[in-house]
Structure formats: C-alpha cells, structure tokens
1. In Å and whole numbers, how far do the C-alpha atoms of the range 418-543 stretch along each principal axis, longest first?
2. Please work out whether the range 388-462 counts as rounded, prolate or oblate from its C-alpha gyration tensor, where a ≥ b ≥ c are the square roots of the eigenvalues and a/c under 1.5 means rounded, while otherwise a/b larger than b/c means prolate and anything else oblate?
3. Could you tell me which of rounded, prolate or oblate describes the range 431-486, using a ≥ b ≥ c as the square roots of the eigenvalues of the alpha-carbon gyration tensor, with rounded for a/c under 1.5 and, failing that, prolate when a/b is larger than b/c and oblate otherwise?
4. Let me check against my output: what whole-number percent is the relative contact order of the range 241-313, with C-alpha pairs under 8 Å and at least 6 apart?
5. In vacuum, with every alpha carbon of the range 241-313 counted as one equal point scatterer, what does the Debye formula give for log10 I(q)/I(0) at q = 0.11, 0.17, 0.27 Å⁻¹? Two decimals, please.
6. Applying a 10 Å radius around every beta-carbon, put 70-82, 503-515, 188-200, 343-355 in order of their mean neighbour count, most first.
7. Which ordering of 279, 235 is given by a fewest-first count of other beta-carbon atoms within 10 Å?
8. Estimate the FRET efficiency between residue 286 and residue 308 by the formula 1/(1 + (r/R0)^6), using the beta-carbon distance for r and 30 Å for R0, to the nearest 0.05.
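Read-outs throughout are calculated quantities, based only on the coordinates presented, and are distinct from any laboratory measurement. Worth saying up front: this structure is predicted, and the values here are computed from it rather than measured. Reconstructed Cβ throughout: ideal geometry from the backbone, glycine too, with neighbour counts over all protein chains shown.
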Ligand code: ADP
Ligand code: MG
C-alpha cells in the first residue's frame, strides 16, 4: 500500500513538472500562443470541475448552474473593470464574491428541494441569470475589453498568464483537499449519505448545505474571472448549460467524489479534445460516446476505480495501532441516577395510527434503560419523538430539567446521540473516518483554519485520531481502521455505528435494536462496550428484540404495547409480570423469549 502511494505521488510530481516546463518547451513550436491558450482553458475547466466535485461529488447537491456561476464571476470582474477600472487582482476576488452570493441565493431558496428538484431550480436560476444579463446590458449582453492583471507595471504575457492559471488551479485543488480532509468535509459527506445520520451527529443540514454551495460558488467565480481575462470578453453564452456538459464528462471520467479525479479527468478530456480538434461535427459525438462508455465501463471514473481496486485500497493493519487503551477515553461525567431525559405524556399519532399513546419515561445517567415490546408497539417512534425526528402530537420532553431542543441536530449538540434501527453507516469511507465524522461536535477549528492548515487544525485532528484508535480498539476494530466500512461484516458495521455515535461524547446514547444479526463474539463486545459507557456515567437507552441480551444489561426495563407502557421495573420483576407475559403470549413462548 505504501509503495502504491509513493508511485502515485511520483506521478503527481511528474505531472507538476510537465506543467512547469510546458511553456518553455512550446516556444520551439510554430505557434506557442495557441498551445498555451489550450492549456489555460483546460486549467480553467479544471478549477470549475473541482468546484462541481465539491458540491456534487462530496456534497451530493446536483448543480446545473455551474456555467452560470462561472458567468457570474466573469461579469462581476468585467463590469467592475468597465465601470470602475478596478485592478484585475482585486477583480478576481470580486468575481469570487459575486458568484458566492449568487450560489447562496440559489441554495437558500431551494433548501427543502430533493436532489432532482434542486437540480431543476439551479437550472432555472441559471437561465434567469443569463437572460438578465442579455436584456439588461444591451448588445446581447456582450461586454469586451476585459484586461489582464499586470506585474511590475507590465501586463502579463500569455506565458505568465498560464502560470497564474496553473497557480490558481493548485490553490483550488488545495482548497478542495483541505476542505474534504477536515471535519467540515466529513460533515459534508455525512450529509450526502444521509440527512438523518448527519443530524444525529450534530451537523445542521441547512447550514452545511449553504456553506458547501458557497465554497463551490466562490471557486466557480474565480474560474469565470480567468476565462473573462483570457478571452477579454464575457457573454451570456458562457453560462449556457450545453457548454457545461464537458465539465460533467471530465468529472465522471476522472471520478466523482475523489480528490484528483476532476483534474485527471479534465486533463484527459483536454488531451483527447486537442487530438480531435479538426474532426468538426464528430467532436461532440466522440465526447458524448466517451461519457457513455465511461458510465458503462467505469462508473466510478479512473481514480475511483483505482481506489476501489485491490491495488489502491488499504489493507488490514498488521498490528494494532498504538493506543494506551481505555484510559484516554472519558466520555461523560454524568451524576449517576440523575434524570437526563424526562418524557411526559408523549403522544404521536400518524393519521389514525396511535404509534405512541401517552408515554412517560425517565432516562437516568449511569443506567442502562431497556425498552421492549412486540413489533409495532411504538419503540422506535418513541425515541424519534425524544430526539425530535418526529414532532409530538402532544406531550413534553425535558433534558436535564430544561426543554429538549426542537431539531435533531440541536438535540445531538445538547448531548443525545442515537443509532438507528436501520443501519446508516458511511460505507464508502474508511472505518476511521466513520469514527472521526462522529467527532464533528468536538472540532475546535474553523473551515478557514482547516484550509490554511493552521495549528489548531493539527492539534484537534491528532487528538481525534488518537481517540478514534482507542475507541476502535475497545470493540476489536483497531486493525480495520484503514479499510472501507463496506468491507466489514454486518456485526462489525453495527459496532462501528455505535462507536461513531459514542465518539460524539454524548450524555445519552440511544441504541435501536443494535444486537440484530450479531455473532456471539460481537454480542460480547457490544455488552462490554455498553457496560463501559454506563460506568462512564452515560445514560444508555437500549431497545432490543434479543431479550436475553437486554436483561443481562438493563437496570430498568420499560415494556410497550400498542403505544402504551404496560410495565416498568427491574429486569427480574418484568420477567414475571403477568401483563408482560400476556403481551408476548400467542407470539412465542415467553420463557424462550426471555432466554430461560
Ligand atoms: P417498533 O419500533 O416498536 O417496532 P414503530 O415505532 O416502528 O414500532 O411503529 C409503531 C407504529 O407506528 C406501527 O404501527 C408503525 O406502522 C407506525 N409508524 C411508524 N412510523 C410511521 C410513519 N412514519 N408513518 C406512519 N406510521 C408509522
Ligand atoms: Mg423499531
């Protein structure tokens, strides 16, 4: 694995070296200017494709307005030059700002839209922006005489402009990389995988979407500024989505949601496009066929396919990472027996279905609170009410005496995390990254600090990685930290999901049927983990069908039937309660169910 990484780094360095010597090499050809311009265009495309990758590949936001964002940047710099003679260097920043604002406007009006509708809204915004420039500016929206920056009082030559473009491409790549490899990036990917899970980890879905789209907009605006200065004009056609297909082809060819995919894809497209530049009408046909072929043969793109291959994917570690074990993990210091969550007469009706019908329950710190009941008795609905995934029909939920916050991510921030009945793991990322994602609320650095790799980023990240290793060690997943979560067994995935929830350092942990499908060894690991958490002062809510497993852990058990509490007591007492036995009768033998 190490040697492949070194080989990849080597390839990257060779590519950078080629980019640097290229302008000196082309001076020996007949028309160096045209070759340089081809490369500048490719560099601009790569910046735009990076932007597209951030919002679509990592953020899961289908943007059909990327050419529009680019156009917005181009007009911003062009109009500022025409009207105010601004310095082009400042113009680049103005372009970034204008496009960022355009993006924020688009996303704030469409936060509630689903994937496809969101795409449609961006497409409409794009068309409106194009038409606005066309009608408002006259001359069909065409503006000209956009000039290039100067250096030492002299306008940049094409060769210098080439280096400027490549420098901006390098910066755009670093912005993408440092964003994605930070807590901010992990929160973004969590949101792409599942809004519910991201909220359970404390990520505000709306705020995160706005931020990610704003960053994508800023980068696209810079691409627009370069484009405008290179061609010295801007027109509404730049915003045409048809011309934007090339960026999608590049992104898919290279690999959506990979760091180098966008750059590699655009480089390849540029090379192919250069080869076929005299093919006239066949050009679009060839590019279209390429996209189709790529979708069919390499759906993950070149980089994605390599990463997923044996060559490119990390293996199990030979030795456990060095951790000093449990002593470095302190999760919570709740006062044992203190009431953490108090639900008073909670009612949740779905139309005519009384899923939860007047439940009062007290969850205490340092205790394992078991909840059992037949299928459909309202267990999952009850915890979704406590964590605000459902709005209550009536009733009240308190958290340490105060009112429970009103949205899922605020509940998580207050200190309640949950593991859903249906697995919600981030399958595509590594086991370690799954745990790190859970630490979102502990991160003490801003996005800027992550992008600039400032000290707080390193300090925080090092501490998180150490903790992640210790937590994984605790459940026997220490050796697996580098591999993709998708490659774990079902039981290991379940354990990992719990570890991820724990890593948020909650005061209350809610587990909805965590033991389903676990082997005996995994059940033991889960048992020990829950005991460990309880001894750390956590309140653990354990919904379980495996009654034997639950009875061995719970301090108190609540039994639900048809949305109502029919018993609540210590495990031994519940086991012998006639109402409980009756609730289970006719389904299966109670003593068998209770593990006797
Ligand atoms: P349990 O977790 O105890 O198996 P649930 O809480 O999932 O039970 O479901 C309780 C009842 O509420 C069931 O009758 C179920 O069909 C119904 N229910 C749960 N969620 C919804 C929903 N989102 N819309 C409509 N009915 C629901
Ligand atoms: Mg359930």
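1. 46, 32, 23
2. oblate
3. Verdict is prolate for the range 431-486.
4. 38
5. After summing over all Cα pairs, the log10 values are -0.27, -0.60, -1.22.
6. Result, highest mean first: 70-82, 503-515, 188-200, 343-355.
7. With the fewest neighbours first, 279, 235 line up as 279, 235.
8. 0.65
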